[in-house]
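Peer 1: Below is a structure I'd like to ask you about.
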Amino acid sequence: MMPRLRNAPPRYWLVVIAVVFFLGFPTVISSFQSSLWAQALILAIAVMGLNILVGYSGQLSLGHGAFMALGAYTSAILAHRYKMDYLLTIPIATLFTGLVGFLFGFPALRLSPLYLALATFALAVVTPSLIKRPEGLTGGVQGIILIQPDPPPFASDLFAAVTGTAMTSDQWIYYISLFCALLLFWVAWNLVRHRPGRAMRALRDGEVAAAAYGVNIAGFKTLAFGISAFYAGIAGSLFGLATGFVSPDTFPVSLSIQLLVGAVVGGLASIPGPLLGAIFAYFLPIEANQWVPSQSWIPDQVASTVKNAGPAVSYGVLLILIMIFAPNGIVGLIRAGYDWLYRRLRGATDRETGQLPPDPQTV
Amino acid sequence: MGRIAPRLAAVAVFMVTLAACGGGTGTTSQTDVGITSNSILLGNTIAQSGPAAAYGTIANAELAYFTYINSQGGVNGRKINFKILDDAYNPAQTVPLTKQLVEQDQVFAMFSGLGTQAQTSVRDYLNSKKVPQLFVATGATTWGKDFASNQWTMSWQPPYQGESHIYAKDVLAKHSSAKIGVLYQNDDYGQDYLKGLTDGLGAKASMIVAKESYDVTAANTAAQLTKLKAAGVDTLFLFSTPGFTIKSLVIVTLLHWQPTIYLNSVSNPQVYMGLAAKAGAANQNVTSVSYLKDPTDSQWAGDDGMKLYKTVIANCSKCDPNDGFNIYGVAVAYTMVDVLKQAGSTLTRANVMKIASSQLNETNPFLLPGVKLTTTSSDHFPIMQEQVITWTGTGWKLQGTLIDERGTIK
Amino acid sequence: MQEFFQQVVSGIAIGGIFASLALALVLIYNAMGLVNFAQGEMAMFATFVAYALINRGMSYWIAFPITLVLAFGGGILIQRLVIKPVERAPVLTLVIITLGLATLVNGFAGFIFGYVPRSFPSPFSADSADLFGVFISYRDMGVIAVSGLVLLGVYLLLQRTTVGLTMRAAAHHPEASRLLGVQVSWMLALGWGLASAVGAVSGIMVAPILLLEPNMMQSIIIYAFAAAVLGGIESPLGAVIGGLIVGVTVNLAGAYLPGVGGDLQLAVGLAIIIAVLIARPNGLFGRAAIRRV
């Protein structure tokens, strides 16, 4: 699949900064901004799932929005119809979606990456009409309205102590999402460092060789699908909570594409990649036709063209540019920049570092 | 504008009440979030990209009307600013964009948000925040019917069910032994129309001998229409969106089938009938209803309302004046401006909502002559009059008189 | 019984539309082992170009070939600009680029031409033929006939000309071809140009039936995928026959299969794709699939 990034040692201080940043962020931004960032974090979880499938196991899915829909609807139906506490429905929805994904992995075994892309893309397109059909269960096109939870007293008090204002539902949902995201990123990080991750990467880089080393190909491929769907399921469940509403049109094919964009733009087969990619993929369509026209330094003609052309055009252009010029995504760019800076700061030329120049024949 | 006079008394009473409750700060004017001494900020979410992007022009037409009003001095000296955000017809985007407009941009009210699913997704939120969700651009019956539990939300256009009642009456009067077949879109839109027809036929609902649904993702409706024809249907109802209505009219002709056709008002602008004809549709025996003046209909050429529409829409360079959605946008914007004007110096969310939901009594120059927008404390469907029209081959001909369905939706 | 035959014939009619787009998909696959997710959008855009030419007073019969030439050039241009820089990258990269392209072209068409549906002229009569009480429109027959002609042309080009042979060699054995002095990259560009032109034919033929608007092809691209997969994704003949089979199947399933109904037709398309890929990945007419490793 993608040219691999070299395995840099984890930079713990970066992780600490990120965690502190995300914990403190809602205290300095508005409740509305928190709700956006909650959505971005939720998207990051789903993108992480897709990253495990695409980046680490080399299977291409363009239909992960369908798994998010499954997670969201499982939670919504349990909460709305069976009056369960929404937070309790999250693990159920997650496990259920993971199981479905695992089973989905078996037919997927038989498909080449291209065919898998085709089949999953078709699945993404069909998802809204499939949701509409069992009307008694899903509420059909009316959708299901979900009640957003009020923050519990301890969280509210703590938040009030820091900021002086009471915590809103949106802020509480942000922290729930952040908690899930941290947990799942930690799980993913452990996963890829240990045997399953190594096995999956071996698979991705060559099934025959992996089999020769005793990797259970079918087992790990379906496992990757299961884990990936597990992530999409929890993201879907949280997505329903954060949106406060699920309906067929909430899960259009563009959601699946947004997930893919997040995975690719962030940088495949990396742990920080999905977070950065999801933030990018979430905010780009929202900001593309708001931010550009609001900037006075951008010529009016350009600004109004961007605004009128809509987010689709900017989305498409950026997707293509990134694939061509930065195939390892944002993480790849950051690493390249870091390496460049590192060399410059050492004040040494490449030759003096003792590294071999890149072999011109291995492109 | 003489009708404003009797309103003044009510407004005055309302102001006194508010002042008595301790809400009053001055004697001259009262305002809310989103209002400054010289501006009013309204927000809107609509599909300007994605599958339903064809509707996006409505917001542009509304903006054109506000621009026109601003050039005439605005509303009581305040200019209307209108912020339009594209939700791509996806409720998951409607929610954050609406929150943005309310919490960050601090709009006074949401105006003419489009799509039943999208607007349902933010109804609870806007009601809990007490932000007017005015004149949503969907004809689902829930907006008027469930007003009691959502007192900050209102629609504007005639509800789909009310329109269907008129078809039922027309069928019973003109084709009492008809074998009715229905083609409907499998969403709230199609289902509402179907329910209205079934209710309207009442005891004679068994006249519906077959019904077939299609999904918006369908390539065409040939399979469904073939079945309806085979079922012996002689009166066909098309409860579909314009693209599918056009294709269906063509397929009916290709099947050498000549049923009496009823099609819903969303799909009946002349532009679409013309497209169907060019694609081969015979368009024979077609009946529909109307409440808006059709910009392509020559009978309105000298009409003051239509002249005003043409002036207004010239403010929007990318709006096609012949597009039926644009006159819809201008007409609903007219009502919004009317409500804001009536609110006068008590430009509060509560007062605007009160006027819109219970004191509306407006003659709108872009609607058919005689159509009156009315709301009372017990009736929150502003437009309930429509007129039967039949297709002549080159244009629509108004039949009979306005039919008033007020009070028929329980 | 008449109803059944009518359903079959209507299915063939819509199947012809699927087939015409599937042909373009197959050409790209043959050129570089890729499914072009932007194929439908490119066809739609080319049709808009034809529309603009005709609207400016150009005759249909002049606008048609000019559009084909422009589409051919446009296809080559796209290949040079966005595909060539990554042509040896993994499938994933290419798939994402074509998805980006689809989004871009769709949004761009909406920006330029708006979303109001437009009628598009057709050389065929808008009437339909009566075959013992079963009706098929001349336009639908026209789509099938033109697809047949395109199929013949593609066949002759790929199988009977040096250019075709070189193209196939470049796609299947790029390294060996390169050693033999074939400009592999330009052969791929030629493939894109051809597919783009074939797509333009499809768009121009189906626009009078589907009405021209930016989302015109979105309702049929999945069926076109199903058609291409069913026929064996590298077989042009398979694409046409696959298209017709998919059209008939979808129509009959929608009409007669309990629990499907008219509103789940697209799910039938999905079921065809998945069933074929699992049970017979090479489709009806395909040989063992080539895989880019």
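Peer 1: Could you give the dipole magnitude of chain B about its Cα centre, charging the beta-carbon of Lys and Arg +1 and that of Asp and Glu -1, in debye to the nearest 20?
Peer 2: In total the dipole reaches around 340 debye.
Peer 1: Only counting other Cβ atoms within 10 Å, I'd like C:V182, A:V28 sorted with the fewest neighbours first.
Peer 2: A:V28, C:V182
Peer 1: Now for a separate question. Hey, could you get me the Stokes-Einstein D for segment A:165-213, Kirkwood radius over alpha-carbon pairs, 10 °C and 1.306 mPa s, rounded to whole µm² s⁻¹?
Peer 2: D = 120 µm²/s.
Peer 1: Of all beta bridges DSSP finds with both residues in the protein assembly as shown, what is the antiparallel percent, to the nearest 5?
Peer 2: Here the antiparallel bridges make up roughly 40 percent for the protein assembly as shown.
Peer 1: Using only the alpha-carbon atoms, what does segment A:1-129 span along each of its principal axes? Please give whole angstrom values in decreasing order.
Peer 2: Principal axes ranked by extent give 49, 49, 22 Å for the Cα atoms.
Peer 1: Another question, then. Could you tell me which residue out of A:G332, A:M84, A:L114 lies farthest along the dipole of segment A:12-353 toward its positive end? Charges go on the beta carbon: Lys and Arg +1, Asp and Glu -1, centred on the Cα centre.
Peer 2: A:L114
Peer 1: Let me know the Rg and Dmax you get for the protein assembly as shown when you use only its Cα atoms, in Å.
Peer 2: 29.5, 96
Peer 1: Could I ask something else about it? Report the equivalent ellipsoid semi-axes for segment C:1-76 in whole Å, largest first, defined as the square roots of five times the eigenvalues of the gyration tensor built from alpha carbon atoms.
Peer 2: 28, 21, 9
Peer 1: Looking only at other chains, what is the average number of their beta-carbon atoms within 10 angstrom of each beta-carbon in A:247-259?
Peer 2: The shielding value for this peptide is 6.
Peer 1: Select from A:M167, A:M323, A:M48 the residue whose mean-square fluctuation is largest in a Gaussian network model of chain A (Cα-Cα springs shorter than 10 Å).
Peer 2: Highest fluctuation among the options: A:M323.
Peer 1: Which is farthest toward the positive dipole end of chain A among A:Q171, A:A188, A:A232, measuring Cα position about the Cα centre, with Cβ charges +1 (Lys, Arg) and -1 (Asp, Glu)?
Peer 2: Highest projection toward the positive end goes to A:A188.
Peer 1: Ranked highest first by the average count of other Cβ atoms within 10 Å around their residues, in what order do C:117-128, B:286-297 fall?
Peer 2: The peptides rank, most packed first, as B:286-297, C:117-128.
Peer 1: Ok, one more. With r defined as the distance between the Cβ atoms of A:L23 and A:D150 and R0 fixed at 25 Å, what FRET efficiency is calculated, to the nearest 0.05?
Peer 2: It comes out at approximately 0.80.
Peer 1: Further question: Can you tell me the alpha carbon radius of gyration of segment A:104-163 divided by the globular rule-of-thumb value 2.2 N^0.38 Å?
Peer 2: Scaled against compact globular proteins, the figure is 2.01.
Peer 1: Mean separation of Cα pairs under 8 Å and 6+ residues apart, divided by the residue count of chain B: what relative contact order is that in percent?
Peer 2: Reported as a whole number, the value is 16 percent.
Peer 1: Moving on. For each of A:R346, B:R78, count neighbouring Cβ atoms within 10 Å of the residue's Cβ, then give the residues from fewest to most.
Peer 2: A:R346, B:R78
Peer 1: Which log10 I(q)/I(0) values does chain B give at q = 0.07, 0.08, 0.09 Å⁻¹ under the Debye formula, counting every alpha carbon as one identical point scatterer?
Peer 2: Reported log10 I(q)/I(0), two decimals: -0.33, -0.43, -0.54.
Peer 1: Connecting C-alpha atoms closer than 10 Å in a GNM of chain A, tell me which of A:Q33, A:Q290, A:Q301 has the biggest fluctuation.
Peer 2: Highest fluctuation among the options: A:Q301.
Peer 1: Follow-up question, since we're still on this one. Hydropathy at least 0.5 by Kyte-Doolittle, axial extent at least 27 angstrom from the Cα trace: which helices of chain A, defined as entire DSSP H runs, fit?
Peer 2: Length and hydropathy pass: A:31-51, A:86-109, A:113-132, A:169-193, A:217-243, A:272-294, A:300-325.
Peer 1: Compute the long axis of helix C:218-231 from its Cα atoms, compare it with the longest principal axis of the Cα atoms of chain C, and write down the angle in degrees, 0 to 90, nearest 10.
Peer 2: 70
Peer 1: Run a plain Debye calculation on segment B:38-138 (Cα atoms as equal point scatterers, no solvent) and give log10 I(q)/I(0) at q = 0.14, 0.15, 0.19 Å⁻¹, rounded to two decimals, same order as the q list.
Peer 2: Calculated log10 I(q)/I(0) at the listed q: -0.49, -0.56, -0.87.
Peer 1: Label A:W13 and C:D127 with points 7 Å out from Cα along Cα→Cβ: what is the distance between them in nm?
Peer 2: About 8.4 nm separates the two model spin labels.
Peer 1: Let me ask something else. Can you give the charge dipole size of chain A about its Cα centre, rounded to the nearest 20 debye, using +1 on the beta carbon of Lys and Arg and -1 on the beta carbon of Asp and Glu?
Peer 2: 900
Peer 1: Something else about it: How much FRET efficiency would the formula 1/(1 + (r/R0)^6) give for A:L99 and B:D304, where r is the Cβ-Cβ distance and R0 is 56 Å, rounded to 0.05?
Peer 2: 0.25
Peer 1: Still on this structure, I have one more. What is the pair-distance distribution P(r) of segment B:155-257, computed from all Cα-Cα distances in 10 Å bins starting at 0, with each bin given as a whole percent?
Peer 2: Spelled out bin by bin, segment B:155-257 gives 16, 49, 32, 4 percent.
Peer 1: Continuing with this model, one more query. Kindly provide the helix-only [θ] at 222 nm of the protein assembly as shown, computed as the sum of -39,500 (n - 2.57) over DSSP H runs of four or more divided by all residues, to the nearest 500 deg cm²/dmol?
Peer 2: -19500 deg cm²/dmol
Peer 1: Still on this structure: Taking the Cα centroid of segment A:285-318 and of segment C:151-217, what is the distance between the two, rounded to the nearest whole Å?
Peer 2: Comparing the Cα centres of segment A:285-318 and segment C:151-217, I get a distance of 35 Å.
Peer 1: Ok, one more. Convert 37 °C to kelvin, take the viscosity as 0.692 mPa s, use the Kirkwood radius over C-alpha pairs of segment B:179-313 as Rh, and evaluate the Stokes-Einstein diffusion coefficient in µm²/s, rounded to a whole number.
Peer 2: 209
Peer 1: Rounded to a whole number of µm²/s, how large is the Stokes-Einstein D of segment A:12-353 at 20 °C and 1.002 mPa s, given Rh as the Kirkwood radius over C-alpha pairs?
Peer 2: 101
Peer 1: Straight-line reach from B:K130: which lysines fall under 20 Å, measuring Cα to Cα and dropping same-chain residues less than 8 apart?
Peer 2: B:K83, B:K99, B:K145, B:K354
Peer 1: Projecting each Cα onto the charge dipole of the protein assembly as shown (Lys/Arg +1, Asp/Glu -1 at the beta carbon, about the Cα centre), which of A:T74, C:V35, A:W13 comes out farthest on the positive side?
Peer 2: The listed residue farthest towards the positive side: A:W13.
Peer 1: Evaluate 2.2 N^0.38 Å with N set to the residue count of segment C:2-279, then give the Cα radius of gyration divided by it.
Peer 2: 0.99
Peer 1: Any idea what the dipole of the protein assembly as shown comes to, in debye rounded to 20, about its Cα centre with Lys/Arg Cβ at +1 and Asp/Glu Cβ at -1?
Peer 2: Roughly 1760 debye, rounded to the nearest 20.
Peer 1: Taking amide H atoms as placed 1.01 Å from N in the peptide plane, list the residues 5 or more away in sequence, or in a different chain, whose amide H sits under 5 Å from that of B:E212.
Peer 2: The list, which skips near neighbours in sequence, is B:V182, B:L183, B:Y184.
Bear in mind these aren't lab numbers, they're just calculated from the coordinates by the rules spelled out. Computed from a prediction, not measured in an experiment: that's the story for all the values here. Glycine gets a Cβ as well: all are built from the backbone with ideal geometry, and neighbour counts include every protein chain shown.
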